[in-house]
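Here is the structure we will look at, set down as structure tokens.
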Amino acid sequence: MNKRVSAPSTDHNQSVTDQKSVVSPTSGNGIAIQIFPDSDLASRAAADEIAALIRSRASEQRCCVLGLATGSTPVRVYQELVRQHQDEGLSLENVITFNLDEYLPMAPDAQQSYVRFMQQNLFNHVDIPAQNIHIPDGTIATEDVPNYCRDYEDRIIRAGGIDLQLLGIGRTGHIGFNEPGSTADSITRMVTLDPVTRADAANDFGGIEKVPSHAITMGVRTILQSRRIRLLAFGDHKASIVQRTIEGEVSTDIPATYLQSHSDVQFLLDPDAAALTSPTAFANEL
Ligand code: PGA
């Protein structure tokens, strides 16, 4: 996780939609792009969409299945959902969650654990039933990983599939921990982390040598089967990979380019993350 979280916005009365500087229906491939004046407004827009989906499903007495991400990027989305739960009566009782990934090995109470991250940033503060929460288990023995991963996939299917998948993007172009080389038909599995990803996590672990070399991640296919995909990217360190993801050929070298084939995918960006993307990529249908 990179630590690039700026202070959250405290003005919750400001309309997010009023603040969008650029909205594009499509980038020319399947990716719609929204550029917000800052990452707080982008995060609030994502949270508002998630909250609306939760409420709409609840009004039909249905569950809302969310695919969730960790890292610094989605933190303010979770803060806003917690705020809406506390201040506006948003209930998450009908929510079922599947997290993208977890380091392997990783104890759930360890400082860098994504279980701990999710508890601290979201689950401890809302009313999602504990049995509705799914995060890949970082304590699983290597020989049990294949069965465990098949069961994770089955649980997603039994829940009815993911309604909305929240994503960040790594500098390698990974989504989840689908590093370069991941194929479009990959499912939940054990992966080897890219050296760039391990370098980006080094601060969290107190040195790159302490970052686990492996992880469990949902696959590219698992992600692409979600009904909606919302990818958030903030900061100039994401500008190059955002540009290559939107404008480049679909390639296993940049797994995020597989998103181009999805029918309902949006990138929510701040100006820094969008800085290298050609205006024609998001202006052609304005
Ligand atoms: P970040 O990580 O949100 O900490 O930048 C994103 C990712 O690696 O997917």
Estimated FRET transfer efficiency (A275, R171; beta-carbon r; R0 22 Å; 0.05): 0.90
Tell me which residues come under 5 Å, amide H to amide H, from G235 once H is placed; ignore anything under 5 positions away on its chain. D270, D272, A273
Mind giving me the nanometre distance, one decimal, between the label points for T142 and D38, set 7 Å out from Cα along Cα→Cβ? 4.7
Could you order the peptides 74-87, 138-151 from most to least packed, using the average number of other C-beta atoms within 10 Å per residue? 74-87, 138-151
Check N99: other-chain or 5+ apart residues with amide H under 5 Å from its amide H, H built from backbone geometry? L68, H134, I135
Using per-residue counts of other Cβ atoms within 10 Å, averaged over each peptide, order 248-255, 199-206, 212-219 from highest down. 212-219, 248-255, 199-206
Site Q131, offset 7 angstrom along Cα→Cβ, radius 20 Å on amide nitrogen, limited to the stretch 89-116, gives 92-99
For D185 and S251 in the same chain, what is the full-extension length gain: residue separation times 0.36 nm, less their Cα-Cα distance, in nm? 22.5 nm
For the chain, with only Lys/Arg (+1) and Asp/Glu (-1) charged at the beta-carbon, what is the dipole magnitude about the Cα centre, in debye rounded to 20? 120
If the viscosity is 0.890 mPa s and the temperature 25 °C, what translational diffusion coefficient in µm²/s does Stokes-Einstein give for the chain when Rh comes from Kirkwood over Cα pairs? 129
Only Cα pairs within less than 10 Å get springs; with that Gaussian network setup on the chain, which residue of L231, L259, L90 has the largest fluctuation? L90
Pop the C-beta distance of D236 and R155 into the FRET formula with R0 = 35 Å and round what comes out to the nearest 0.05. 0.40
Taking the simple approach of a point 7 Å from Cα along Cα-to-Cβ for both E88 and D109, what is their distance in nm? 3.6
D (Stokes-Einstein, µm²/s), Kirkwood Cα radius, the stretch 224-285, 1.002 mPa s at 20 °C: 178
Cα centroids of the stretch 41-85 and the stretch 99-160: how far apart, whole angstrom? 18
When the helices in the chain are scored as -39500 (n - 2.57) per DSSP H run of 4 or longer and the sum is shared across all residues, what 222 nm value do you end up with, to the nearest 500 deg cm²/dmol? -9500 deg cm²/dmol
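Since every read-out is calculated from the coordinates, none of them should be taken as a lab result. This one's a predicted model, so the numbers in the text were calculated from it and none came from an experiment. A quick note on method: Cβ atoms are made from the backbone with ideal geometry, for glycine too, and the neighbour counts reach across all protein chains shown.
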